[in-house]
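The values are calculated or read from the model by the stated rules, or taken from the named source; none is laboratory data. All of these numbers come straight from a predicted model, not from anything done at the bench. Cβ placement follows ideal geometry from the backbone for every residue including glycine, while neighbour counts extend to all protein chains displayed.
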Amino acid sequence: MVASAFPTQRAPAFTSTEQSAWAQLQQTLGAYGFSGADLVALTNWAKTELIAGKDSNQIALDLQNTPQFVKRFPAIVARRNAGLPPVSPAEYLSLESSYAQLETAAGLPRNFASYDALIANDVSPTEYADRLNQGYLAVAQADPEVVKAFQDYYGVTKGQLAAWFLDPKKTEPMLLQQAAAAQVGGASAGSGFGEVSSAEATRLAQMGVNFSQAQQGFQKLAGESQLYRGLPGQSEPQLTDDQLLNAQFGSDAATQLELQRRAGYETGTTAAGTQVAGTSTGATGLGTVQR
């Protein structure tokens, strides 16, 4: 019972049926979280409804038309206006509880995001969990290079990350792709390969390249820089970043073969198994790179 939360006013004489309905209404108003002036107003309103002869079911329906109810559950009206499936007050309370549990598990304060906005925009607890864990936390708690990549790509500072990922008007797939792209960009910058553009990082993210795969791939490319950037005195044309990324993470067979050919030259062995020193150029391999 939540009667202690109600104003200490003498209730009019009710029949036993009305008394039962009054007790049920008290429980309902308390469960919905009404307090202060709103609770006083609704208490008086509910008494008037009972005196008028309405049963508890009808009063519960009428309650949803009161300004206090609209103030407490604004997303119910917002969803109706947006043509979304309706949610009951009980479902509303359940969603709020689920959001709060997710925030607590993530080490965040309750109401980190507006629950009303999340419900109004049909953001399920599952989606909210993804936004928190695969989006916001995946960037905010990542290496500094990832945070910097996200800022460079999308103009979002670290202090703005939460609002960015938890904005219910932004679609979840786009946000998670941006997080993945920032991880790719951060892996590239930290590997020694150098920074990649937002478009290049996004393309790799769309291919399903995760942070660990990006780290390994870019570290390999960084260690092979002499194959595609050349050394003094070498006349081999430089390979573009696009070619290198496709060769490492995609299916650019031509560039893969070209890198293998150059690796063979560097190690002093041709694809045919002969020593580079024995070729017509008289060149010798460096013996430092293998692919």
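Quick notes on this one:
- From the list Ala90, Ala113, Ala75, the lone residue that is assigned to a helix (DSSP H, G or I) and surrounded by 13 or more Cβ atoms within 10 Å (Cβ to Cβ) is Ala75.
- Test result for Leu245, at pLDDT below 75, surrounded by 17 or more Cβ atoms within 10 Å (Cβ to Cβ), hydrophobic (A, V, I, L, M, F, W, C) and assigned to a helix (DSSP H, G or I): no
- Condition met for Tyr154 (within 26 Å of Arg80 (Cβ to Cβ), of a type in the set (Phe, Trp, Tyr) and modelled with pLDDT of 95 or more): no
- Cβ pairs under 7 Å, 6+ apart, first in segment 37-66 and closer than 20 Å to Val87 by Cβ and modelled with pLDDT under 90, second hydroxyl-bearing (Ser, Thr, Tyr) and in a helix (DSSP H, G or I): Ala60/Thr28
- Candidate set from segment 181-225 (those that are within 19 Å of the chain's Cα centre (by Cα) and of a type in the set (S, T, N, Q)); member that is surrounded by the most Cβ atoms within 10 Å (Cβ to Cβ): Gln183
- Answer from Ala21, Ala75, Ala90, Ala31 - the residue that is in contact with a Ser or Thr (Cβ under 9 Å, 6 or more places away or on another chain), among the small types (Gly, Ala, Ser) and either closer than 21 Å to Arg131 by Cβ or modelled with pLDDT under 95 (or both): Ala21
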